[in-house]
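Some notes on the structure that comes next.
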Amino acid sequence: MSPQPVPTPPGPGQESVWAYPRPPRLERTPRRLEIWLGGVRIADTTGAYRVLETSHPPTYYLPRAAFLPGVLQPAAGRSVCEWKGPATYWTLEAGGQRAEAAGWSYETPSPPFQAIAGFVAVYAGRMDACRVDGVPVTPQPGGFYGGWITPDVVGPFKGEPGSMGW
């Protein structure tokens, strides 16, 4: 059994992921989200959503129209989120770089998440860069989860060593 985490107290202008709910909450965000792959800015939007779940940094879902044409290609694989439903995976390609199954969407999400039907999230660690309001993102640790860490979010975060039982 993993020891219970000790939340980092948030400073001014920060959010603690330990104040996020479980089950997760979906909310619209006006923040500017940008994604680069192969030296190309492949997505840019201020019309995204974020999912907030206890112990996880926000996961951002961008409208498919935010991506440059031809960047998103269907990928093999399927999974099911206990909250959002069945996931569809996407390979992203630009500037001669290909990131297999580096994005996912919920084409037919559960009712609380209907607003993100067809919106796409990406693993920040598989892109050249992701930014929130111009600030570079740190990928959620562990490689399994897709949260984006920015200086205005404090943890500890699910995915860090020792967090398996959280």
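The values are calculated or read from the model by the stated rules, or taken from the named source; none is laboratory data. Predicted, not measured: the structure shown is a model, and the values here were computed from it. For neighbour counting, all protein chains shown are included, and Cβ atoms are generated from backbone atoms with ideal geometry for every residue, glycine included. Ligands, DNA and RNA are stripped out before the accessible areas are found, and what is left, the full protein with its side chains, is counted by its heavy atoms. Shrake-Rupley method; radii C 1.70, N 1.55, O 1.52, S 1.80 Å.
What do the square roots of 5 times the Cα gyration tensor eigenvalues come to for segment 114-159, in whole Å, largest first, as semi-axes of the equivalent ellipsoid?
Working: eigenvalues 62, 39, 29 Å².
With the √(5λ) rule applied to segment 114-159, the semi-axes are 18, 14, 12 Å.
Only the Cβ atoms of Lys and Arg (+1) and of Asp and Glu (-1) were treated as charged; on that basis the dipole of the chain about its Cα centre amounts to roughly 180 debye.
Relative contact order, percent, of the chain when contacts are C-alpha pairs under 8 Å separated by at least 6 residues? Let's see the in-between values first.
On the way: 404 pairs, mean separation 43.5, N = 166.
In percent, rounded to a whole number, it is 26.
Positive end of the dipole of the chain (Cβ unit charges, origin at the Cα centre): among Trp83, Val154, Gln4, the Cα lying farthest that way belongs to Trp83. Accessible area per residue for the chain is 47 Å², calculated with a 1.4 Å probe on protein heavy atoms, without ligands, DNA or RNA. Computed from phi, the 3J(HN,Hα) profile of segment 95-105 under the Karplus parametrisation 6.51, -1.76, 1.60 (θ = phi - 60°) reads x, x, 10, 10, 10, 5, 6, 8, x, 8, 8 Hz, with x in place of Gly and Pro. Taking amide hydrogens as placed 1.01 Å from N in the peptide plane, the amide H of Gly118 sits under 5 Å from those of Tyr106, Glu107, each at least 5 positions away in sequence or on another chain. Annotation: amide H-H contacts under 5 Å for His56 (H modelled 1.01 Å from N, sequence separation of 5 or more, or interchain): Lys158. Using a Gaussian network model of the chain in which every pair of alpha carbons under 10 angstrom is joined by a spring, one finds that among Ala99, Ala76, Ala121 the greatest mean-square fluctuation is at Ala76.
Its residue count N fixes a reference of 2.2 N^0.38 Å for segment 10-100, and the Cα radius of gyration divided by that reference is 1.24. Roll a 1.4 angstrom probe over the protein heavy atoms and tell me the percent of accessible area of the chain that is carbon or sulfur. Summing carbon and sulfur atoms, their accessible area is 58 percent of the total for the chain. Go ahead and set up a Gaussian network model of the chain, Cα springs under 10 Å, then flag whichever of Pro141, Pro63, Pro151 fluctuates most. In the Gaussian network model the winner is Pro151.
Entry note: the chain has Rg to Rh equal to 0.95, where both radii use alpha-carbon atoms and Rh is the Kirkwood radius.
Size of the dipole of segment 20-69 about the Cα centre, Lys and Arg at +1 and Asp and Glu at -1 on the beta carbon, nothing else charged, in debye to 20?
On the way: 8 positive and 4 negative charges, 21 e Å.
Here segment 20-69 has a charge dipole of around 100 debye.
Panel values: segment 75-166, Kirkwood radius from alpha carbon pairs, Stokes-Einstein at 20 °C and 1.002 mPa s, translational diffusion coefficient 148 µm²/s.
Among 19-25, 112-118, sorting by the average number of other beta carbon atoms lying within 10 angstrom of each residue, highest first, gives 112-118, 19-25.
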